[in-house]
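The values are calculated or read from the model by the stated rules, or taken from the named source; none is laboratory data. Because the structure is a prediction, the values reported are computed rather than measured. With ideal geometry, Cβ positions are generated from the backbone for all residues, glycine too; neighbour counts draw on all protein chains shown.
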Amino acid sequence: MADTEAPTTVAHAEPQVLRVAVPTPLRRLFDYRPGPVPPAGGWRAGLRVKVPFGRRELVGVVAECAATSDLDAAQLKPIVACLDDEPLPADWLWLCAFTARYYQHSPGDTFQHAMPGPLRQGRPLEARTRERWHLEAEPTQALARLTRAPKQQALVELLAQHRHGLVTSAITAQGFTRAQLQSLLDKALVTRSEEPLAAAPAAAGPLLAEPSLSLNREQAQALATIHEGLERFHPCLLHGVTGSGKTEVYLQLIESALSQGRQALVLVPEIGLTPQTLSRFRKRFRAPVVALHSGLTDLERLDAWEAARSGRAPIVIGTRSAIFTPLAHPGVIIVDEEHDGSFKQQDGLRYHARDLAIARAHHEGIPVLLGSATPSLESLAHARSGRYRHLRLTQRPSRHAPAKLELVDLRGRMRQGGLIPPVIDGIRQALNAGGQVLVFINRRGFAPTLACHQCGWIAECRHCDARMTLHRQPPRLVCHHCEHQTLQPDACPTCDSADLRPMGAGTERTEETLSTLFPEVPIHRVDRDSTRRKEAFDQVLGEIRRGEPSLLVGTQMLAKGHHLPHVTLVVVVNADAGLYASDFRALEHSAQLLVQVAGRAGRADRAGRVLVQTLHPDDPNLRLLADNGYDALAYQLLEERRLAMLPPFRRLALARFEAPREGDATTEAEAAGDALRAWLGERRERGQALDVHCLGPVPAPMERRQNRYHLQLLLSADKRSELHEASAWLVAYLEQHASRRVRWSLDVDPVTLV
Ligand code: ADP
Ligand code: ZN
Ligand code: ZN
């Protein structure tokens, strides 16, 4: 990614015009007249302002202070109010401006997306606080003065046990009242201090709460290499097999950043931010670890944001959107499982948090560490070209190497709940030996298809080009693309036969089969349906970690990141989904998933086995993965991408069009494609040719979804700047010409072409 200029933060004594990023989809700034009373520090970029917009008032951010406007000054409306004394943090402003430009998104909408809810609503950026109470007097003297107040004596005794004091809520939770605290305060027996709610500074003392592990040779080498560049932009790929101790390297890297008084920002995949992950960080450091995840309330999010901005929070860990957390003293950015799809936002502001992490680290001049056992081809290509340092961890601290994938031929075999007899025997053996078995199946529900055995009718969604999935808990048919639900019919709607059969297996069916085969063994199912309650998943993980022989049936929720030390056998019910898919990244993603799942086997003191069922045991890609591992396949896929002129060797941008009427979407997409090609032709004639190809429009792989028709136009180029120029032209064209009946969007660096 190219670096670009930061927005201007120079103070203007009395600017005539404020150019404001207003939260609308329009990709432009809006000019306003400054209000009559300038804020204390003068007008500056980064101040939030309330502005009139149409008939509403919106909260926007001043992007520029200017001397003149293209509009007549008399026409400009004045802003309603300035909401800040100080501009929002400069590093954050830069990142938002960069993001808006790079992803060709509305600047106002980008700011909006990147700030916590309360700031969007105009709340001040300040920490909420709480009170902490300390015993001031010597305990025996205090008790002597309170002989007629036994409750207050008890309170003194409680406080005497806590050298660092107690917060109000902890005291009232023990049955004391504020009135009792107040009377101790009146007698000068206690003192009261105020502290921020999030990331209150820890009492002075050593940095670490537990000693760090002594690194093995590869880990030490990796850490030393990162240390070479602590003071500058220094991108590194930590490419280490599952269980090779990448997290330990992160922890020690964070330790060095902290010891220099700097902050660490850690990004993890959506399903990776479990209490177990957090507790690993919290156990190591005495300093507060601030977590940003979807479970926070808006105000808690603001507290965390403020703590990071003020520098009080030395460690910030969060999912995708945490990349937009401001830092007072940025020291290092870590992206764990950098290949994970959840780093890419798939609607609205379609950014990739890993790519923004690189851009941000470059801007801040700090190291950035991308970690993965199965790096994305993008990162691997950068590592190979030397743009990123390539750090390898090939050994596990535990005795066992990651298990090899054993391919099991499904052809012509009877399946029971998706499993064939030799695999069922394997499961039995592993359970008898006291191990746990993880059965991975990437389909939730009972069966992916309900078909009529008489006439071949298949239950399909009324609103999508897709089949309905049969669920049993509770019984119904569900479309996984639009969530449309119907009751399961008793008879075929075409031929009236009652012989309707579920085809194929989903998690519910495999669970059911396993529970009849192994009635005495506990089974845990983990998928989106079984874990709708937030705690349900953690509860299951807790039970699994106790180590009793048990069966786990799950989707990729179980496959990634979790440390499951007692699993000795992993079964992949079907490895074939990605082998012949049309999406050019399908094979990369399914190889990553297979290796991540396989990595759950044999992580502690026992060796592991991985059985992979497939209808294509001779597929050369699958064989290469099984015999030579992820890296071998990845390097081969890179060669194929080079020949096919696909990313990472060529840049893509995807324009998507959708409308309830097929004709509307097609007309619009064709007009846009023609216009862009005509413009590219003109440029060529003017001798300013851009090497940009425009392909399509073509129907999206699933053309009809939720009763809307989807088409796409694919732009590709060798040079980022040329792609940017062409897609900026297209976006401007669409903003001006697109019909209101059609929704369109631009996806820069799309991860999938659906
Ligand atoms: P990864 O993040 O690469 O999957 P982890 O950091 O979770 O791997 O490490 C796997 C296991 O190995 C953990 O239980 C961890 O405590 C242990 N481990 C990591 N590094 C060391 C080390 N240097 N010495 C001993 N044990 C280690
Ligand atoms: Zn039928
Ligand atoms: Zn549907």
Taking region 641-663 on its own, how many of its residues are assigned to a helix (DSSP H, G or I) and touching a Ser or Thr at 6+ places or on another chain (Cβ under 8 Å)? 0
Of the residues that sit in region 209-225 and are within 24 Å of Pro288 (Cα to Cα) and under 28 Å from the mean Cα position of the chain (by Cα), which one is modelled with the lowest pLDDT? Ser212
Step by step: first the residues of region 472-494, then only those that are crowded, with 20+ Cβ neighbours inside 10 Å and closer than 29 Å to Ala559 by Cα, then the one that is nearest to ligand 2 (Cβ to nearest atom). Which residue is that? Leu477
What are the residues in region 278-295 that are surrounded by 21 or more Cβ atoms within 10 Å (Cβ to Cβ) and in contact with a Gly (Cβ under 9 Å, 6 or more places away or on another chain), if any? Val290, Ala291, Leu292
Considering only region 709-754, state which residues are of a type in the set (D, E, K, R), closer than 21 Å to Thr666 by Cα and surrounded by 21 or more Cβ atoms within 10 Å (Cβ to Cβ). Asp747
Residue hits (region 404-419; among the aliphatic types (A, V, I, L, M) and surrounded by fewer than 18 Cβ atoms within 10 Å (Cβ to Cβ)) are Met414
If you check Asp347 against the conditions, is it among the acidic types (Asp, Glu), closer than 30 Å to Gly46 by Cα and surrounded by fewer than 17 Cβ atoms within 10 Å (Cβ to Cβ)? yes
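Here's the yes/no breakdown for (1) away from ligand 1 (no atom under 16 Å from the Cβ); (2) in contact with a Phe, Trp or Tyr (Cβ under 7 Å, 6 or more places away or on another chain); (3) within 26 Å of Asp465 (Cα to Cα):
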residue: His481; (1), (2), (3): yes, no, yes
residue: Ala491; (1), (2), (3): yes, no, yes
residue: Ala498; (1), (2), (3): yes, no, yes
residue: Ala505; (1), (2), (3): yes, no, yes
residue: Thr513; (1), (2), (3): yes, no, no
residue: Pro522; (1), (2), (3): yes, no, no
residue: Ser530; (1), (2), (3): yes, no, no
residue: His566; (1), (2), (3): no, no, no
Could you check how many residues of region 319-337 are free of Cβ contacts under 8 Å to residues at least 60 places away in the same chain and either buried (at least 22 other Cβ atoms within 10 Å of the Cβ) or closer than 24 Å to Leu223 by Cβ (or both)? 1
Is region 669-685 home to any residue that is in contact with a Cys (Cβ under 8 Å, 6 or more places away or on another chain), of a type in the set (A, V, I, L, M) and modelled with pLDDT of 95 or more? yes
Would you confirm, using the coordinates I've provided, whether Val241 is within 15 Å of ligand 1 (Cβ to nearest atom) and at pLDDT 95 or above? no
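Being more than 16 Å from ligand 2 (Cβ to nearest atom) and among the basic types (Lys, Arg) is the filter here, so list the residues in region 500-510 that pass it.
Going through region 500-510, the residues more than 16 Å from ligand 2 (Cβ to nearest atom) turn out to be 504-510.
If the condition is that a residue be more than 16 Å from ligand 2 (Cβ to nearest atom) and among the basic types (Lys, Arg), then Arg509 is the only one that fits.
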Candidates Ser497, Ser515, filtered to the one that is of a type in the set (S, T, N, Q) and either surrounded by 18 or more Cβ atoms within 10 Å (Cβ to Cβ) or within 16 Å of ligand 2 (Cβ to nearest atom) (or both): Ser497
List every residue pair whose Cβ atoms sit under 7 Å apart, with the two residues 6 or more apart in sequence or on different chains, where the first one lies in region 248-265 and is touching a residue at least 24 places away in the same chain (Cβ under 8 Å) and the second, anywhere, is of a type in the set (Lys, Arg). Leu251/Arg284
Checked region 705-723 for anything touching a helix residue (DSSP H, G or I) at 6+ places or on another chain (Cβ under 8 Å) and within 23 Å of Arg585 (Cβ to Cβ); matches are His710, Leu711, Gln712, Leu713, Leu715, Ser716, Ala717
Those residues that are more than 16 Å from ligand 2 (Cβ to nearest atom), hydrophobic (A, V, I, L, M, F, W, C) and part of a strand (DSSP E or B), I need them from region 434-469; list them, please. Val437, Leu438, Val439, Phe440, Ala447
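Taking the condition of being touching a residue at least 40 places away in the same chain (Cβ under 8 Å), part of a helix (DSSP H, G or I) and not aliphatic (A, V, I, L, M), how many residues in region 522-542 meet it?
Adding up the residues that qualify gives 3.
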Matching residues in region 687-708 (surrounded by 15 or more Cβ atoms within 10 Å (Cβ to Cβ) and without any contact (Cβ under 8 Å) to a residue 24 or more places away in the chain) number 1
Counted residues in region 543-560 being assigned to a loop (DSSP other than H, G, I, E, B) and either at positive phi or within 26 Å of the chain's Cα centre (by Cα) (or both) come to 3
Which one of these does Glu460 not meet: (1) more than 16 Å from ligand 3 (Cβ to nearest atom); (2) surrounded by fewer than 22 Cβ atoms within 10 Å (Cβ to Cβ); (3) among the charged types (D, E, K, R); (4) closer than 29 Å to Leu558 by Cα? (1)
Determine whether Leu450 is surrounded by 16 or more Cβ atoms within 10 Å (Cβ to Cβ) and within 16 Å of ligand 1 (Cβ to nearest atom). no
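Can you tell me which residue within region 171-202, out of those that are hydrophobic (A, V, I, L, M, F, W, C) and more than 19 Å from Ala142 (Cβ to Cβ), is modelled with the lowest pLDDT? Talk me through it step by step, then tell me what you get.
Narrowing region 171-202 to residues hydrophobic (A, V, I, L, M, F, W, C): 171, 173, 176, 179, 181, 184-185, 188-190, 197-200, 202.
Narrowing the set further to residues that are more than 19 Å from Ala142 (Cβ to Cβ) leaves 173, 197-200, 202.
Working: Ala173: 89, Leu197: 80, Ala198: 79, Ala199: 74, Ala200: 75, Ala202: 70.
If we take residues in region 171-202 being hydrophobic (A, V, I, L, M, F, W, C) and more than 19 Å from Ala142 (Cβ to Cβ), then Ala202 is modelled with the lowest pLDDT.
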Counting only residues that are in a helix (DSSP H, G or I), buried (at least 17 other Cβ atoms within 10 Å of the Cβ) and more than 16 Å from ligand 1 (Cβ to nearest atom), how many does region 599-640 have? 9
Quick one: is Val423 farther than 30 Å from Leu369 by Cβ, away from ligand 1 (no atom under 16 Å from the Cβ), in a strand (DSSP E or B) and among the hydrophobic types (A, V, I, L, M, F, W, C)? no
If Ala451 satisfies every condition in (1) out of contact with any Lys or Arg (no Cβ under 9 Å at 6 or more places or on another chain); (2) more than 30 Å from Pro647 (Cα to Cα) but one, which is the exception? (1)
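Quick one: count up the residues across region 178-206 that are surrounded by 14 or more Cβ atoms within 10 Å (Cβ to Cβ) and hydroxyl-bearing (Ser, Thr, Tyr).
Looking only at that region, the number is 2.
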Residues of region 62-99 classified as in contact (Cβ under 8 Å) with a residue 12 or more places away in the chain and in a helix (DSSP H, G or I), total: 11
Sort out which residues of region 317-366 are within 21 Å of Met557 (Cα to Cα) and aromatic (Phe, Trp, Tyr), and write them in order of number. Phe343
Out of region 214-228, which residues are farther than 16 Å from Ala383 by Cα and touching a residue at least 40 places away in the same chain (Cβ under 8 Å)? Asn216, Glu218, Gln219, Gln221
Are any residues in region 224-255 hydroxyl-bearing (Ser, Thr, Tyr) and either farther than 11 Å from Leu369 by Cβ or within 16 Å of ligand 3 (Cβ to nearest atom) (or both), and if so, which ones? Thr242, Ser244, Thr247
